[in-house]
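Written below as structure tokens is the structure these notes are about.
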Amino acid sequence: MLTNIAPGFIDLKRSLRWLCSSLFVFASLQAQATDSAYKFSPVNQYDINLTAAYWNPIISYVSEKSGVNLSLKIGRTSADTTSFVLTKEVDFAFTNHLFAPEREKLGWQTFGRRNIPPVSGEIVVPEGSPITSITQLDGKDVAFPGPEALIAYKVPMAYLMSQKIKINVVFGGNQNGAFGQLFAGQVQAVGGNSQLIESYTNREKKKFRVLWKSEPYFDLPLMASNKVNPADLKAVATAFFGMKDDPAGKLILKQASAKIGLSDEAFFIPSDGSEYSNYRKFYQTIPPNLR
């Protein structure tokens, strides 16, 4: 049995113990930093790959410029993504699904939007379709992105119900999924967001006949949960709004917008939420089964 241990060996042993302890603490702090990163959920306007292709470079830029770590969190469908927002599993969102009175109580704050013209809900058929009137959809299969889509589903569906036009509702999971069903012959018409319909036309060279169009609504807002630190929110908002004036940011916006069929002018601007008054007005008359 060894009883005489050199002092140097003891010092080395202590140093190794300190080093291991320090590494453990560092790893723990790193894990905490990763866990504390804010999550950003844009509603699924396109399929997952295209949604990620648009938002990932924008979120990376905003994270770098603001010094606030953001990561993208997208569900399989628009309804899945909205569930993340409603349960506050995420901290930032790009969505218009929060203007119902009961959802406004959740404490989400509008801080920005894209600088694009207002959009409308539309019901469309392929340009060569024999269907030329909205009344001809009675008894037909009509696809929509999903049950949470305000402009693309709830607004058109509320109109159809007001006209007593009964259709068979089919959900595509997102706007592209609904278009896929239309051109596969599985449905006869699609309810959609005019901006997404125009973008699809630009990307896929498909033409539509518009059977019905709603009043205009502003594009989806950028929103923040009341969990977000005010200083972090200010930094993130400043980074979003500054993209158009920074050559690197402007290039990212241009490239990202081209992927989804938007113009070069689709940059981000401040909003206090006042532009969304007709969203709130819509919920005053919406049929209960569409809430």
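The values are calculated or read from the model by the stated rules, or taken from the named source; none is laboratory data. Computed from a prediction, not measured in an experiment: that's the story for all the values here. With ideal geometry, Cβ positions are generated from the backbone for all residues, glycine too; neighbour counts draw on all protein chains shown. Only protein heavy atoms, including side chains, enter the accessible area calculation; ligands, DNA and RNA are left aside. Shrake-Rupley method; radii C 1.70, N 1.55, O 1.52, S 1.80 Å.
Using 0.36 nm per residue and subtracting the Cα-Cα separation, the extra length available between Lys227 and Lys105 on full extension is 42.5 nm. Using the Cβ-Cβ distance between Ile48 and Asn202 with R0 set to 22 Å, the FRET efficiency works out to roughly 0.60.
Compute the label zone of Glu275 within the range 205-248: residues whose backbone N is under 14 Å from the point 7 Å along Cα-to-Cβ. So the set is 216-223, 241. The translational diffusion coefficient of the range 230-274, from Stokes-Einstein at 10 °C and 1.306 mPa s with a Kirkwood hydrodynamic radius over alpha carbon pairs, comes to 140 µm²/s. Cβ-Cβ distance of Ala248 and Lys88, R₀ of 45 Å, FRET efficiency by 1/(1 + (r/R0)^6): the value works out to about 0.90. Calculated from the structure, mean projected area of the Cα convex hull in nm² equals which of (1) 15.7; (2) 14.3; (3) 22.1? Answer label, from the structure shown: (3). In this simple spin-label approximation, Ile131 and Asn69 carry label points 7 Å from Cα along the Cα→Cβ vector, and these lie 4.9 nm apart.
By accessible area of protein heavy atoms, probe 1.4 Å, what ranking do Arg280, Arg291, Arg76 get, highest first? Working shown, then result.
On the way: Arg280 80, Arg291 120, Arg76 175 Å².
So, going from the largest accessible area down, we get Arg76, Arg291, Arg280.
Working note: Cα atoms of the range 75-202, range along each principal axis, descending, whole Å: 46, 33, 27. Per residue, the average separation of C-alpha pairs within less than 8 Å and at least 6 apart gives the chain a relative contact order of 25 percent. Across the range 113-254, C-alpha contacts under 8 Å between residues 6 or more apart give a mean separation that, scaled by the residue count, equals a relative contact order of 36 percent.
The relative contact order of the range 234-291 comes to 28 percent, based on Cα pairs under 8 Å that sit 6 or more residues apart. Relative to the current alpha-carbon distance between Ser60 and Lys259, full extension at 0.36 nm per residue lengthens the span by 70.0 nm.
Using the Karplus equation 6.51 cos²θ - 1.76 cosθ + 1.60 (θ = phi - 60°), what ³J(HN,Hα) coupling, rounded to whole Hz, does each residue of the range 74-86 give in order, writing x for Gly and Pro? So the Karplus estimates, Gly and Pro as x, are 10, x, 5, 10, 5, 5, 4, 5, 4, 5, 4, 5, 5 Hz. For the range 191-205, 3J(HN,Hα) computed residue by residue from phi via the Karplus equation (6.51, -1.76, 1.60; θ = phi - 60°) reads x, x, 8, 4, 5, 6, 5, 5, 5, 5, 4, 5, 7, 9, 6 Hz, glycine and proline entered as x.
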